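The values are calculated or read from the model by the stated rules, or taken from the named source; none is laboratory data. Here the structure is a predicted model, which is why all the values come from computation and not from measurement. We place every Cβ from the backbone using ideal geometry, glycine too, and count neighbours over all the protein chains shown. Protein only, heavy atoms only, side chains kept; ligands, DNA and RNA dropped before computing areas. Shrake-Rupley method; radii C 1.70, N 1.55, O 1.52, S 1.80 Å.
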Amino acid sequence: MDLFEQVEEIMGQGEICDSCLGQIFANRGHGLTNRERGRAWKTVLAMENEKIVEREVDCWVCLGESYRFREWADLAVAEVREIEFETYKIGTKMSPLLDENAKLLRELVGISVDSGEFLKTEMNREVGKIIGDRTGKSFQEDSPDIVILLDVSTRSVEIQVSPICIYGRYKKLIRGIPQTKWPCGECKGKGTNSEGVCERCGGSGKQYEESVQELIDSVAIGATEGESSTFHGAGREDIDAKMVGTGRPFVVEIKTPKKRSVDLQILEESMNEAATGKVEVELEGIVSRKMVAHIKELPASKTYEVGVKFEDVVEKKLLKKALEVLEGVEIEQETPTRVIHRRADKTRVRKVYSAKGELISPTGANLEIHGEKGLYIKELVSGDNGRTKPNLAELVGVEAVVETLDVISVVAEGGSFRVPEYMLRQKESKDMEK
Ligand SMILES: [Zn+2]
Ligand SMILES: [Zn+2]
């Protein structure tokens, strides 16, 4: 069958609009819309058969949907009016009936059911173009700021706003606050139980009054008018440990933000003001969501400042020798007794890169230990009843416990916590001036 015969065959199935006809030949004739393709065929056929080209047709395939692109764009533009965005993408949820019609047409004329293009693809493109013209924003296939969903069956438009991810480093200046929100163990975060207000948490639903997360994200949610947030840290420190030195990398992900153009310098200042004396942040930029996986996957070694209390007097020489033994050694650690209720019991091997320090009293020492990701420091000092070997207590022959523990640096091993260029959306302005 030549193309002419094929077109006549298609038109013989019932009234069909220019778009639906053109869709079948979508891969022929570059730079044309499907509507133009369909119109061209109809014009040629009308001239050949000396017929009139019908301007208004009752299309049995799309039931007129191909002529509603402007209406869809109107709906979409109204929906996005309150949302700040630069890039968008269109998704169309086609009605099953129209999909069936398009397949049926292809079957009836004996061509492959997936030949040409379908209305869904045409709508994504054509409605997308109109929205671009009306709003001045750009279409972007990969991680756009918003996705505009056109639901043909319900004739409605839904907007999915992509989260905004802010990357930075935080320091925790005081002990006793967890990194993330910690739901109350009694009421499971609800704040109430069968007897009314939960007594354990006083109705707050939280085990701890504050967290690094809440101190940081309350400000970020306010600035972006977001709905909620998720906090992603490159690892976490114990509640009773400070996080000082160079700070710990984190990404705060704000869900459904209404504003995306935030001044990072002002945001950083407001965060630091709100968390004065507790948490300090340094923001580096707005990043792609891929940065979350990036900071989670990079193995990070840590350096700790450790305050040790011995049960008895320890000789200076003996401590020095013990630290020499620990330096560069692989430690075998069974899951610590203090976390065994929530972690699987297994033995892990972790390296101590360096171990330094000195006595500050006959029974106290101040150490600086640099260890591989996942090394348990409290157990390295106490031995945890022989579950960690070798350990400091055993080496000096005196029981020992960690009194204070602070993280002083988090360093990515074999990689970097700097944002790869392709993940960076917006830099902290002060960096730009450099
Ligand atoms: Zn049609
Ligand atoms: Zn509670």
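Every residue, every condition in (1) within 16 Å of ligand 2 (Cβ to nearest atom); (2) in contact with a Gly (Cβ under 6 Å, 6 or more places away or on another chain); (3) among the polar types (S, T, N, Q); (4) at pLDDT 90 or above, yes or no:
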| position | (1), (2), (3), (4) |
| --- | --- |
| Glu209 | yes, no, no, no |
| Leu215 | no, no, no, yes |
| Thr230 | no, no, yes, yes |
| Ala234 | no, no, no, yes |
| Val244 | no, no, no, yes |
| Glu253 | no, no, no, yes |
| Ser261 | no, no, yes, no |
| Gly285 | no, no, no, yes |
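Tell me, yes or no, whether segment 219-226 has at least one residue that is touching a Gly at 6+ places or on another chain (Cβ under 9 Å) and either open to solvent by less than 40 Å² (accessible area, probe 1.4 Å) or modelled with pLDDT of 90 or more (or both). Scanning segment 219-226, I find at least one residue that is touching a Gly at 6+ places or on another chain (Cβ under 9 Å) and either open to solvent by less than 40 Å² (accessible area, probe 1.4 Å) or modelled with pLDDT of 90 or more (or both), so the answer is yes. Please specify each residue of segment 251-291 satisfying the condition of being part of a helix (DSSP H, G or I) and either touching a residue at least 60 places away in the same chain (Cβ under 8 Å) or of a type in the set (S, T, N, Q) (or both). Selection gives Leu264, Gln265, Leu267, Glu268, Ser270, Asn272, Lys290, Met291. Listed residues Val161, Val152, Val157, Val147; which is within 30 Å of Phe69 (Cα to Cα) and within 16 Å of ligand 1 (Cβ to nearest atom)? Every option except Val152 fails the conditions.
Checked against the criterion of being open to solvent by 50 Å² or more (accessible area, probe 1.4 Å) and in contact with a Leu (Cβ under 7 Å, 6 or more places away or on another chain), the candidates Lys427, Lys356, Lys351, Lys346 yield just one match: Lys356. Here segment 362-378 is the region considered, the condition is being open to solvent by less than 10 Å² (accessible area, probe 1.4 Å) and of a type in the set (Val, Ile, Thr), and the residue that is nearest to the chain's Cα centre (by Cα) is Ile377.
From the list Val339, Val314, Val308, Val381, the lone residue that is free of Cβ contacts under 8 Å to residues at least 24 places away in the same chain and open to solvent by less than 20 Å² (accessible area, probe 1.4 Å) is Val339. Among the residues of segment 384-409, those that are farther than 27 Å from Lys172 by Cβ and in contact (Cβ under 8 Å) with a residue 12 or more places away in the chain comprise Asn385, Arg387, Lys389, Pro390, Ala393, Leu395, Val396, Gly397, Val398, Glu399. If the condition is being touching a Cys at 6+ places or on another chain (Cβ under 6 Å) and either open to solvent by less than 20 Å² (accessible area, probe 1.4 Å) or among the aromatic types (Phe, Trp, Tyr) (or both), then segment 270-290 contributes only Val287. Considering only segment 52-72, I want to know if a residue exists there that is under 23 Å from Trp41 (Cβ atoms), more than 16 Å from ligand 1 (Cβ to nearest atom), over 29 Å from the mean Cα position of the chain (by Cα) and modelled with pLDDT under 95. Yes, because at least one residue in segment 52-72 is under 23 Å from Trp41 (Cβ atoms), more than 16 Å from ligand 1 (Cβ to nearest atom), over 29 Å from the mean Cα position of the chain (by Cα) and modelled with pLDDT under 95. Candidates are the residues of segment 1-19 that are in contact with an Asp or Glu (Cβ under 9 Å, 6 or more places away or on another chain) and assigned to a helix (DSSP H, G or I); the one that is most open to solvent (accessible area, probe 1.4 Å) is Phe4. Among Ser153, Ser112, Ser162, Ser95, which is over 29 Å from Gln13 (Cβ atoms) and of a type in the set (Gly, Ala, Ser)? Among Ser153, Ser112, Ser162, Ser95, only Ser162 is over 29 Å from Gln13 (Cβ atoms) and of a type in the set (Gly, Ala, Ser). The set of residues from segment 122-161 being in contact (Cβ under 8 Å) with a residue 60 or more places away in the chain, in contact with a strand residue (DSSP E or B) (Cβ under 8 Å, 6 or more places away or on another chain) and under 22 Å from Ile24 (Cα atoms) comprises just one member, Val152.
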